[in-house]
Amino acid sequence: MNKNQYLKKTFELAAECRYFELNVFKNVEKKIIKFPVYLSAGQEFISASLSTICKQKKIVPELFPQHRCHSIYISFGGDKKKLINELLGKNDGCTYGMGGSASIHSKKIKMFGHDGLMGTQGPIGVGSCFVSKKPTIIFLGDASAEEDYVLASLGWASFKKLPILFVVEDNNLSILTEKKTRRHWEMHDVAKGFKMKSYNIDDNPLNFLKISDRFFKEPILVNVNTNRLFWHAGAGIDSPKTFDRYKLILKKNEKSYKKIDDQKKRMIDILWKKQLEKQ
């Protein structure tokens, strides 16, 4: 897979994630979805990039997501029909209608759903990898990464040289509290204190590709600066001023990507329509 093929595949996955989330947003507003949702729109290029790289490497990692996990599930091949049913509270959802938006589980893609306590995917994922020694990705928010047991798990992963990729999806917000009012340090600097290789990048897909040769050969932390487009929970917009990686990439490559964008929108809209008609 060359660079252009990688970028195209990543955009295709990101488009599916984006239009899935826009449909979730719409159906929350209509009160068809009746419980809290944690939308990943704005952050979808993180999971889309990592999934494309893993497929290129023929690696099927074990996934330990944070609560904002729809795009992770979709990017790594989760059944979108089951995710829709999960959000509708149906017993044929991917977590039998009991996990909701935040606790998405899938044996098929080796995704171990979030348990509801912020940051616990850190030590749980490290413990699992310590036993299995299988390639593992642990997704954290910039706020949940501050928990003391997350920091302890970084130390253990580094000491045991586990094949883990820690991904901090850094949208600069803990609900609505910015990092500058919470701390004066950065996660990539903390990781270096544990003698762990670390990177601080933005969510441009090319940035992931540049560092991908080191993935799963040793524990690595990647702090990814990104943006959450919607409320912490629910359907609403925090600020119209945040940058939107998806729109930036689409605008830059409109001639080659607009058709993909239209196709994915149509595909996801039809999927939602068919699933809702079954209600």
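Among ASP92, ASP203, which comes first, then next, by fewest other beta-carbon atoms within 10 Å?
The order, fewest Cβ neighbours first, is ASP92, ASP203.
Take ARG228, ARG18, ARG183 and order them by how many other Cβ atoms sit within 10 Å, fewest up front.
ARG183, ARG228, ARG18
Using θ = phi - 60° and the Karplus form 6.51 cos²θ - 1.76 cosθ + 1.60, what ³J(HN,Hα) does each residue of the stretch 160-171 get, whole Hz, x for Gly and Pro?
Residue by residue, the stretch 160-171 yields 8, 6, 7, x, 10, 10, 8, 10, 9, 7, 8, 9 Hz.
What is the Cα convex hull volume of the stretch 24-103 when expressed per residue in Å³?
Considering the Cα atoms of the stretch 24-103, their hull volume per residue is 87 Å³.
Compute the angle between helix 121-132 and the longest alpha-carbon principal axis of the chain, please, reported from 0 to 90 degrees and rounded to the nearest 10.
70
Tell me what the chain gives for mean residue ellipticity at 222 nm when only DSSP H runs of n ≥ 4 count, each as -39,500 (n - 2.57), the sum divided by the residue total, rounded to 500 deg cm²/dmol.
Helix contribution divided over all residues of the chain: -14000 deg cm²/dmol.
Enter the angle in degrees (range 0 to 90, nearest 10) between the Cα long axis of helix 254-277 and the first principal axis of the Cα atoms of the chain, meaning the one along which they spread out most.
70
So for the stretch 138-258, Kirkwood radius off the Cα pairs, Stokes-Einstein at 10 °C and 1.306 mPa s: how many µm² s⁻¹?
So the translational diffusion coefficient is about 101 µm²/s.
Quick check on the exposure proxy: order ILE104, ILE237 from fewest to most C-beta atoms within 10 angstrom.
Exposure proxy ranking, most exposed first: ILE237, ILE104.
Can you list the HN-Hα couplings for the stretch 55-61, worked out from phi with the Karplus curve (6.51, -1.76, 1.60; θ = phi - 60°), rounded to whole Hz and with x for Gly and Pro?
Each residue of the stretch 55-61 in turn: 5, 4, 7, 6, 10, 10, x Hz.
On a 0 to 90° scale, report how tilted helix 3-29 is relative to the longest principal axis of the chain, with both axes built from alpha carbons and the result rounded to the nearest 10.
Relative to the chain, helix 3-29 is tipped by roughly 60 degrees.
Do you know the relative contact order of the stretch 124-279, to the nearest whole percent, from alpha carbon pairs under 8 angstrom that are 6+ apart?
Once divided by the residue count of the stretch 124-279, the mean separation gives 21 percent.
By the scheme Lys and Arg +1, Asp and Glu -1, what is the net charge of all other residues having a beta-carbon under 10 Å from that of LYS217?
In short, +1.
Given H placed 1.01 Å from N in the peptide plane, which residues other than close sequence neighbours of VAL168 have an amide H under 5 Å from its amide H?
For VAL168, the qualifying residues are LEU140, VAL222, ASN223, VAL224.
Report Rg/Rh for the chain, rounded to two decimals, where Rg is the Cα radius of gyration and Rh the Kirkwood radius.
0.94
Straight-line reach only, C-alpha to C-alpha below 22 angstrom: list the lysines that LYS258 could link to, leaving out same-chain residues fewer than 8 apart.
LYS3, LYS8, LYS9, LYS247
Bear in mind that the values in this text are calculations on the coordinates, not laboratory data. Only a predicted model underlies this, so the values are computations on that prediction, with no experimental measurement involved. Glycine gets a Cβ as well: all are built from the backbone with ideal geometry, and neighbour counts include every protein chain shown.
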